[in-house]
Amino acid sequence: MDQEKIYQYRQAFEAAAQKEQDIEFWFARDLQRLLNYTEWRNFLQVVGKAAEAAQNSEQDPEDHFVGVNKMVELGSGAEREVPDVMLTRYACYLVAQNGDPRKEVVAFAQSYFALQTRKQELVEERLALDERVKARLRLRQSETELSQNIYERGVDDRGFGRIRSKGDQALFGGYSTRQMKERLGISHSQPLADFLPTISINAKALATDITNFNTKEKDLQGEEAITDEHVKNNQDLRELLGKSGIKPENLPPEEDIKKLQRRLNSQEKTAKRKGWKKGKKLSDE
């Protein structure tokens, strides 16, 4: 397949893309034309196999294959309604995988949608990571402020560790920081927060923010008074989460933030080298 043909195919697939409420999709009848299928009934069988493949991959087909009716113009200028299917990028990838590999354009589509689907996965992973990183930074800043506040009120580093662990115990249903690490299979030398889901990190940060505020507002002095305040705030956050059916101690651990950052950075560098960077032509691969 020459580079000019690759560029033409790419332009055609991108021109056929639709967008509704920030969701990108292709109509199956447009994809049928792009993949050089002459009979709709034959192409519909390929779409059906693709939907089965999605289900076998534990994806809900209804999230990726949506049946619709649309008006098409006839040669006489009249219009009639025909059935169609809205396909997400992932659905298009599965359709291409189930298409006739002898067709040059099908072989192109397999690579094109695999590439774009992986790119979307990287974007989603990066957004999720960024959210966790921001929450982790906010918690670190809140805990640094708490450490400074309580030092000024007669509490040393060991006392800070005890206050923080008592707060965790209140938030995590009786489990101390050490016990939560054991429960989640985390090394004692690693920070618990680096493995928590974003919602748990945010809960810890908010409880610590409130402790900081009230420690200064009420001029709390000594470890006991500040511990009581921090425990209460974590209990309040636990109760709030519980109203939505969330028990922080039962949430599975997330991948280590530091490790995830390194992996995504490496993947993004590889992606750019392969020409996934926005604005690159597929022919640059």
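Please treat every number below as a calculation from the coordinates, not as lab data. All values reported here derive from a predicted model rather than from experimental measurement. With ideal geometry, Cβ positions are generated from the backbone for all residues, glycine too; neighbour counts draw on all protein chains shown.
Considering only alpha-carbon pairs that sit under 8 angstrom and 6 or more positions apart, the relative contact order computed for the chain is 17 percent.
Each residue in Ser111, Ser189, Ser142 was given a count of other beta-carbon atoms within 10 angstrom of its own, and listing them fewest first yields Ser189, Ser111, Ser142. Of the peptides 130-137, 161-168, the ranking by mean beta-carbon count within 10 Å, highest at the top, reads 161-168, 130-137. Averaged over residues, the count of other Cβ atoms within 10 Å places the peptides 147-160, 59-72 in the sequence 147-160, 59-72, highest first.
The spacing between the range 156-186 and the range 198-215, judged by their C-alpha centroids, is 14 Å.
Residue pairs exceeding 20 angstrom between C-alpha atoms, taken from Lys181/Lys216; Lys181/Lys204; Lys218/Lys247; Lys49/Lys70: Lys181/Lys216; Lys218/Lys247; Lys49/Lys70. Need one word for the range 151-221: rounded, prolate or oblate. Basis is the Cα gyration tensor (sqrt eigenvalues a ≥ b ≥ c); a/c below 1.5 gives rounded, then a/b vs b/c decides. Note, shape of the range 151-221 comes out prolate.
Express the Stokes-Einstein translational diffusion coefficient of the chain in µm² s⁻¹, to the nearest whole number, given a Kirkwood radius over alpha-carbon pairs, 10 °C and a viscosity of 1.306 mPa s. D, rounded to a whole number, is 69 µm²/s.
In plain terms, the bigger the Kirkwood radius, the slower the diffusion; for the range 3-100, with that radius from Cα pairs, at 10 °C and 1.306 mPa s, Stokes-Einstein puts D at 111 µm²/s.
Counting only aspartates and glutamates at least 8 places from Lys258 when in the same chain, those with an alpha carbon closer than 15 Å to its own are Glu125, Asp130, Glu131, Asp194. When each of the peptides 38-49, 22-33 is scored by the mean number of other C-beta atoms lying within 10 Å of its residues, the order from highest to lowest reads 22-33, 38-49.
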